[in-house]
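Take a look at the structure set out below.
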Amino acid sequence: MNLIAKNIKHLREARGMSQVDVAKRIEASDKAVSAWERGARKPKMGYVKKLADLFDVPTDDFVNQDMAKYHAETLPGNIHPIHRRLIPVLGNVAAGELIWTDEHHDDYVEEDGGIRADFALRVKGDSMAPLIQDNDFVYVRRQNDVLDGQIAVVLTDDSATLKLVYHQPGGLQLVSLNPAYPPMLYSRDNSHELRIIGLAVSYKRSLITLSTKEE
């Protein structure tokens with residue numbers, strides 16, 4: 001296995017990412033990522049740069065250094081690098097009644113680099129309690145479908161809701177964790193718009209909200 005192959009595998013696993021995750025982020029095929037990681041092929045320099053950016057390491061170090069040894073030698077054993085970035089808060093998502101959300105954002109939440117999410121939403125309602133509470137932030141990865149039993153953000157008639165999703169013939173069953181809320185079945189017969197807009201990948205209860213809006 002060549003050095004780049006070792007580094008891809010090490011950095012991918014260190015960040016809890018799958019080969020499919022990496023492929024999507026750098027706009028490559030998962031077969032290509034698998035071949036690079038096995039050492040069967042080497043990525044072109046354009047992809048090398050994308051990989052280094054994705055893993056937040058200098059390109060020269062990514063190509064020339066063993067990342068596992070590099071991290072072990074440059075950091076004390078109890079110190080781990082923190083990679084922070086801002087994720088836009090696009091609006092509110094209901095965990096109860098449906099609430100309008102759009103993609104105009106003035107607020108951001110900070111995350112530590114371990115979450116692959118495209119945007120965040122503030123939860124309103126208690127239908128996903130006790131796991132997710134009113135006013136929590138949920139991190140969402142954009143995708144147009146999820147597996148049965150996963151928590152997703154679903155758009156129905158210009159409103160967004162956070163629910164467990166189960167596919168049914170002709171529609172979706174949306175299920176709350178809170179038993180006080182009955183399951184809802186949506187189809188083209190009772191809703192003008194029905195689509196999954198993202199997978200809920202994480203949530204946080206205590207966050208500093210940063211606003212870029214000028215007063």
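Values in this text are rule-based calculations from the coordinates and carry no lab data. Quantities reported herein were computed from a predicted structural model and do not represent experimental measurements. Using ideal geometry, Cβ is built from the backbone for each residue, glycine included, and neighbour counts are taken over all protein chains shown.
Residue-wise, which Karplus ³J(HN,Hα) couplings in Hz belong to the range 17-28, taking 6.51 cos²θ - 1.76 cosθ + 1.60, θ = phi - 60°, and x for glycine or proline?
9, 8, 5, 5, 4, 4, 4, 5, 5, 9, 6, 10
Quick one: order Asp145, Asp136 by neighbouring beta-carbon count within 10 Å, fewest to most.
Ascending number of Cβ neighbours within 10 Å: Asp145, Asp136.
Search the structure for amide H atoms under 5 Å from the amide H of Ser202, placed 1.01 Å from N in the peptide plane, and list their residues when 5 or more places away or on another chain.
The list, which skips near neighbours in sequence, is Tyr139.
Long-range amide H contacts for Val89: which residues qualify at under 5 Å (H placed 1.01 Å from N, peptide plane, sequence gap of 5 or more or a different chain)?
Residues meeting the criterion, in which the H sits 1.01 Å from N, are Asp107, Tyr108, Val109, Ala120.
Beta carbons within 10 angstrom, averaged per residue: use that to sort the peptides 163-176, 37-50, highest first.
163-176, 37-50
Given Lys9/Lys44; Lys50/Lys163; Lys24/Lys163; Lys49/Lys163; Lys24/Lys44; Lys6/Lys49, which pairs have Cα atoms separated by over 27 Å?
Lys50/Lys163; Lys49/Lys163
Under the Karplus relation 6.51 cos²θ - 1.76 cosθ + 1.60, θ = phi - 60°, what is the ordered set of whole-Hz ³J(HN,Hα) values for the range 146-153, x standing for Gly and Pro?
9, 7, 4, x, 8, 8, 9, 9
Under 1.5 on a/c is rounded, so check that first for the range 7-60, then, if it is not, pick prolate when a/b is larger than b/c and oblate when it is not; a ≥ b ≥ c are the square roots of the alpha carbon gyration tensor eigenvalues.
rounded
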